[in-house]
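The block underneath contains the structure these notes are about, expressed in structure tokens.
The values are calculated or read from the model by the stated rules, or taken from the named source; none is laboratory data. If you're wondering where the values come from, they're calculated on a predicted model, not measured in any experiment. Every residue, glycine among them, receives a Cβ derived from its backbone with ideal geometry; neighbour counts consider all protein chains shown. Calculation scope for accessible area: heavy atoms of the full protein, side chains included, ligands and nucleic acids excluded. Shrake-Rupley method; radii C 1.70, N 1.55, O 1.52, S 1.80 Å.
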Amino acid sequence: MTNTKYKHYYRKPKSAAESADDLSKTQKKDAKKARGSFSPDERVREKKEGKGKVERGAKRPEKTEKRQEIERKPAKRTESPAAEKHKGGERTKSAAMAKSAPRLSLAKPMKTGAKGGYRPSDRSGKLKIMSLGGLQEIGKNMTVLEYGNDIIVVDCGMAFPDEEMPGVDYVIPDVTYLVKNADKVRGILITHGHEDHIGAIPYVLAQVRTPIYGTRLSLGIIEGKLAENHPDYEPDLYTVEAGDTVDLGVFRVEFVHVNHSIADACALAIRTPVGTVFHTGDFKIDVSPIDGKMIDLTRIGEIGREGVELLLCESTNAERAGFTPSERTVGSSLERIFMQYEDRRILIATFSSNVHRVQQIIDASYRHGRKVAVMGRSMVNVIGAATELGYMDFPEDVLIDISEIKRYKPEQITIITTGSQGEPMSALYRIAFSENEKVKIDPRDVVILSSSAIPGNEKLIGKIINALVKSGVKVVNDSVEEVHVSGHACREEIKMMIGLLKPKYFVPIHGESRHLYANKENAEFMGIPSENILISEIGKVIELDKNGIRFHGTVPSGNVLVDGSGVGDIGSVVLRDRKHLSEDGLVVVVATVDLAGGNLLSGPDIVSRGFVYVKESEELMDASRRIVAEALTDALDRHITDWAELKSVIRDSLAKFIFQKTKRKPMILPVIMEL
């Protein structure tokens, strides 16, 4: 389970006595930090003095020799134009990474030498805000802010394909605009490490050379993705903490801690020449989070008092009334389930990135004397990264390899797996349909789906549940027990965010149309005038200046489809053909002709795939051959020798006949050979 490439992040906690000795020396700094007045210079000095950030509980971490070595290294220049302007941060590269692996930095508060620099009082220009993903859809989140010669990007996510995209693996944003303006891009800022916010990074970095800024867990996950699918150069990854400020051209960006279903999530307070833009990222208000770090409402309120021109607010749960329950409620439900089914093997499917959920599952298993096996590459990678980074903590002997489960009784085993969304290639899918060699389903098993369905995945999840139930398995989901809580803010939490920030303008982001319009109603309820609220679309440009906010043109946007190693080579024509094949099947017609003599020499032979079962439809196949032979002979008699025209004759005659007989429209593929 240990992943050596993350070891340079690891900080061993001090003992309770050592922590108590340090506490009296750092109380003043901690108090200032809590008030949001911890200066950048003091944060840098604290790092240099070896007083790292508290990771879990109240213990202050102790630096390892590896980390001390990292912090002694001088800053290095990079090939990236944006990163060349980076003036701080000591970098390191893991020994386990390949030569082209990303370069990581323990970033200090930074300033860049971008032309013009941060100008808080210059309101003469226009700020452009455009979304390349995340509007009128779920996932693929990507927001671009542009002012003059500077561009910053917030998040770089992917989405899963829908039923209209057969065979497609992922969907990523079209970044044509960023490619054309690559010299302006100062950096990509990551709010958190979910796939819908970081999944497209390897593909985008292959086209746009720019540094990445994010918190430790986010960059730890990104590092693993880049190791598997890295560009042909060495990207720069700069580590920041909540409270840090980054200067990128005319933009000054402050990372603000929020709660979400993954650790280290942040909102962004973006100071621009026309005012502050606050990007919430994905958030919720959890008063009892697993890691004890509540959303920084104090700092959010201070930013609101300073003045917020525009709020870009997530909308995923904008329709839901009330507040989102705390993640701790899931722990209570898991405890009840483990007690109820103490004599059965338990399999739990959840999102691999929800390290707090996985931590609670492992804790519950350990309390009940169970060993934990992990399935799914993404689950293994994230647990490895989170453990090395200090976000997860459990006894070494609680985790076992999946190959070892046969050494234990079923009631001594918990299996944590991917596949909570019904993905056809996931571990849970293969288990449900008896395609996994290491785990065979047993009627006494209990399967817990500790997640909610992403819109569009309901049928896939239902398919897995039906397969499990048919095998006699007990399935528990959030309709039976509170085994999942959302990581997104509900209506009252969004209203609280609006109330604290008091923005002049409001633009809902992250959601389908119904979510965006529901969030518009939340903003209106909080007193924001309707004319100050814009519902945007992917590619639409929002312009903000001292005279107001408005739509102003569009930029290239859309979906880029990833299929295997191919990126962007699947277009509408290919999708149409795939859909056609999946719905009506294929009929191949093979004939040999003598064009000079105008004779049909052999055939036609007809091969069917996905249309009809030939052995049971011989009469239809014989009639089809006669129709094609007559049409082809007639064309040759009329001295038609053009290949395309001959194929069209075959296609038209056979399609008309098949539709008359079957009311179907299979794809017809003529193959004509000449002797």
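Over what distance in Å are the Cα centres of the stretch 645-675 and the stretch 413-479 separated?
Taking the Cα centre of each part, the stretch 645-675 and the stretch 413-479 sit 43 Å apart.
Net charge near ASP442, counting Lys/Arg +1 and Asp/Glu -1 over other residues with Cβ under 13 Å of its Cβ? Mind dumping the intermediate values first?
Numbers: positive: ARG344, ARG345, LYS406, LYS409, LYS440, ARG444, LYS474; negative: ASP343, GLU411, ASP445.
Computed value for this residue: +4.
May I ask for the net charge around GLY193, where only other residues with Cβ less than 13 Å from the Cβ of GLY193 are counted and Lys, Arg are +1 while Asp, Glu are -1? Before the final figure, lay out the partial values.
Working: positive: ARG216, LYS225; negative: ASP155, GLU195, ASP196, GLU223, ASP264, ASP282.
My count for the surroundings of GLY193 gives -4.
Kindly sort TYR177, TYR408 by accessible area of their heavy atoms, largest first, with the probe set to 1.4 Å.
Working: TYR177 35, TYR408 60 Å².
Greatest to least solvent exposure: TYR408, TYR177.
Loop-only chymotrypsin sites (Phe, Trp or Tyr not before Pro) in the stretch 499-541, please: DSSP not H, G, I, E or B, and at most 15 other Cβ atoms within 10 Å. Intermediate values should be presented prior to the final figure.
Numbers: sites: TYR505, PHE506, TYR517, PHE525; in loops: none.
In loop regions of the stretch 499-541 (DSSP not H, G, I, E or B), there are no sparsely surrounded chymotrypsin sites (Phe, Trp or Tyr not before Pro).
What do you reckon, how do ASP282, ASP183, ASP363 stack up by accessible area (1.4 Å probe), largest on top? Working shown, then result.
On the way: ASP282 5, ASP183 110, ASP363 55 Å².
Most to least solvent-accessible, the answer reads ASP183, ASP363, ASP282.
Each label point is 7 Å from the Cα along the Cα-to-Cβ direction; what then is the distance between the points at ASN599 and ARG377, in nm?
So the two model labels end up 5.7 nm from each other.
Local charge sum around ILE270 (other residues, Cβ-Cβ under 9 Å, Lys/Arg +1, Asp/Glu -1)? Provide the component values of the computation, followed by the final result.
Working: positive: ARG252, ARG271; negative: GLU254.
Here the count lands on +1.
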